[in-house]
Amino acid sequence: MSARNPGMNLDLEWVSKVRVNTQAVLKRAQQIQGQKLPKKQWQAAWLLKAVTCIDLTTLAGDDTPPSRPVRHDRLKEMDMHDKGVTTGAVCVYPSRVADAVKTLKAANSSLPVASVATGFPAGQTPLETRLQEVRLAVADGATEIDIVINRTLAITGQWEAMYDEIRQFREACGDAHMKTILAIGELGTFTNVYKASLVSMMAGSDFIKTSTGKESVNATYPVAIVMVRAIRDYFLCTGQKVGFKPAGGIRTAQESLVWLTLIKEELGNDWLSPLLFRLGASSLLADIERQIYHHVTGRYAAYHELPMA
């Protein structure tokens with residue numbers, strides 16, 4: 001992944017000045033969604049790019065998905081069989097990290113294992129318990145940790161307390177990269193989302209992530225505009241590139257193309273990489289494979305032909 005974000009001291013003056021123009025955000029999100037998406041071979045290329053940015057998430061069972069997400073013969077027909085097309089990571093609960101690491105090692109795969117921690121999804125367990133959960137996941141081999149913020153601190157504007165907690169999570173992560181989940185559906189306003197994004201980056205987050213996938217509102221395009229503009233402003237101020245991860249409710253290949261378009265337009269080509277962009281999804285991969293199958297064969301697959309469906 002990219003160089004770790006060292007963070008900075010909490011700049012409360014910067015945070016307090018934040019005001020988000022809601023109408024401008026909604027208008028920009030509409031523009032992004034209204035753009036023409038790539039077709040034919042360009043679409044297939046973008047879909048393979050989307051695959052490499054997926055954090056393949058299994059937070060309901062104990063299975064470990066395969067490290068080769070698109071069938072080898074399909075990739076060969078597209079001359080992509082030797083291009084290292086794998087998902088960005090596999091994301092599991094802390095108790096499944098050791099299993100995932102062992103399975104991937106047996107499959108001779110270098111795919112990173114990410115783990116949700118810190119009392120996922122609500123983040124309401126005692127701080128020491130949340131910190132210990134991070135330490136245990138790292139000790140078991142997780143190289144990426146998805147933490148959740150204490151939403152109460154963000155909603156009530158306790159930015160110093162939120163910053164201090166995230167700094168402690170940063171320390172507990174050690175060399176593992178830290179993705180900070182804002183749970184945007186529970187933060188109330190775009191201004192709060194921007195402020196929470198900023199404080200998370202100041203505290204050393206390598207990525208900011210929209211949602212746990214367990215809230216009633218998850219990844220939306222307007223909230224993404226707010227978060228990626230916070231990322232852009234932080235980069236212009238510090239020179240540090242922080243990644244972005246939308247998660248929750250992203251299910252179709254078409255949606256993944258819109259997300260890639262949004263990132264390209266708002267942050268530029270540097271962010272079109274698993275180093276700085278991930279899609280948190282559990283069922284997206286099946287639809288992308290279905291579309292790639294159609295591109296290669298000219299017909300849609302029966303469900304038994306797609307192992308991930």
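The values are calculated or read from the model by the stated rules, or taken from the named source; none is laboratory data. What you are looking at is a predicted structure, and each value in this text was computed from that prediction instead of being measured. Here Cβ is always computed from backbone atoms with ideal geometry, including for glycine, and neighbour counts include all displayed protein chains. These accessible areas exclude ligands, DNA and RNA; they are computed on the full protein's heavy atoms, side chains included. Shrake-Rupley method; radii C 1.70, N 1.55, O 1.52, S 1.80 Å.
Structure data summary
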{"read-out": "Hits in the range 200-247 (condition: within 17 Å of ILE166 (Cα to Cα), part of a loop (DSSP other than H, G, I, E, B) and of a type in the set (A, V, I, L, M))", "value": "ALA203, VAL242"}
{"read-out": "Count of residues meeting criterion [open to solvent by 40 Å² or more (accessible area, probe 1.4 Å) and modelled with pLDDT of 90 or more] in the range 97-120", "value": "7"}
{"read-out": "Filtered residue count, the range 199-216, keeping only those that are open to solvent by 10 Å² or more (accessible area, probe 1.4 Å), among the polar types (S, T, N, Q) and under 16 Å from the mean Cα position of the chain (by Cα)", "value": "1"}
{"read-out": "GLU265 vs. criteria of a type in the set (Asp, Glu), open to solvent by 10 Å² or more (accessible area, probe 1.4 Å), in contact (Cβ under 8 Å) with a residue 40 or more places away in the chain and under 17 Å from PRO38 (Cα atoms)", "value": "yes"}
{"read-out": "Residue under evaluation ILE292, criteria (1) more than 16 Å from the chain's Cα centre (by Cα); (2) open to solvent by less than 10 Å² (accessible area, probe 1.4 Å); (3) modelled with pLDDT of 90 or more; (4) over 18 Å from ILE184 (Cα atoms), criterion not met", "value": "(3)"}
{"read-out": "Selection status of ALA154, buried (at least 22 other Cβ atoms within 10 Å of the Cβ), farther than 17 Å from GLU266 by Cα and more than 18 Å from the chain's Cα centre (by Cα)", "value": "yes"}
{"read-out": "Any strands (runs of 3 or more DSSP E) falling wholly within the range 88-187 and containing at least 2 residues that are out of contact with any Phe, Trp or Tyr (no Cβ under 8 Å at 6 or more places or on another chain)", "value": "89-92, 113-116"}
{"read-out": "Residue satisfying all of: in the range 228-251; aliphatic (A, V, I, L, M) and farther than 18 Å from GLY88 by Cβ; surrounded by the most Cβ atoms within 10 Å (Cβ to Cβ) among these", "value": "ALA230"}
